[in-house]
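Each remark here refers to the structure printed beneath this line.
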Amino acid sequence: MRTFVEKIQQFPENLKQAWSVGFVFMYNGKTFQHFLARQWSDQQIRAYFQENHDSLSTIITHPDLRLKEVQVDHYPDWIVVVPY
């Protein structure tokens, strides 16, 4: 299994430089996406994936990177990053 650091290396450098608080960045294996989630709690982020992708999710904090990883149960290959 790849580590979170290995997973986020799939994001292009210019996109990683654009990471900022208040956004969620996703890679679904085909396209890179981001959406506004300003002042969303972890619960609100999990609710988004439940409502829009019919899937439970887990949020893992990586304090050394100042990033959160969202693991979407029905889509284990997705890479979801939340800067904080």
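Quick one: in region 53-72, which of the residues that are in contact (Cβ under 8 Å) with a residue 12 or more places away in the chain and among the acidic types (Asp, Glu) is nearest to ILE8 (Cα to Cα)?
It comes out as GLU69.
Among the residues in region 39-48, are any of a type outside the set (A, V, I, L, M) and touching a helix residue (DSSP H, G or I) at 6+ places or on another chain (Cβ under 7 Å)?
Looking through region 39-48, none of the residues is of a type outside the set (A, V, I, L, M) and touching a helix residue (DSSP H, G or I) at 6+ places or on another chain (Cβ under 7 Å).
Working only within region 1-17, note down all residues that are touching a residue at least 12 places away in the same chain (Cβ under 8 Å) and over 12 Å from the mean Cα position of the chain (by Cα).
VAL5, GLN10, PRO12, LEU15, listed by residue number.
So, restricting to helices (runs of 4 or more DSSP H) that lie completely within the chain, which ones have at least 3 residues that are open to solvent by 50 Å² or more (accessible area, probe 1.4 Å) and modelled with pLDDT of 95 or more?
42-53
For LEU56, work out the one condition from (1) farther than 16 Å from THR3 by Cα; (2) under 10 Å from the mean Cα position of the chain (by Cα); (3) not small (Gly, Ala, Ser) it doesn't fulfil.
Among (1) farther than 16 Å from THR3 by Cα; (2) under 10 Å from the mean Cα position of the chain (by Cα); (3) not small (Gly, Ala, Ser), LEU56 violates only (2).
The values are calculated or read from the model by the stated rules, or taken from the named source; none is laboratory data. Because the structure is predicted, anything quoted here is derived from the model rather than measured. Every residue, glycine among them, receives a Cβ derived from its backbone with ideal geometry; neighbour counts consider all protein chains shown. Calculation scope for accessible area: heavy atoms of the full protein, side chains included, ligands and nucleic acids excluded. Shrake-Rupley method; radii C 1.70, N 1.55, O 1.52, S 1.80 Å.
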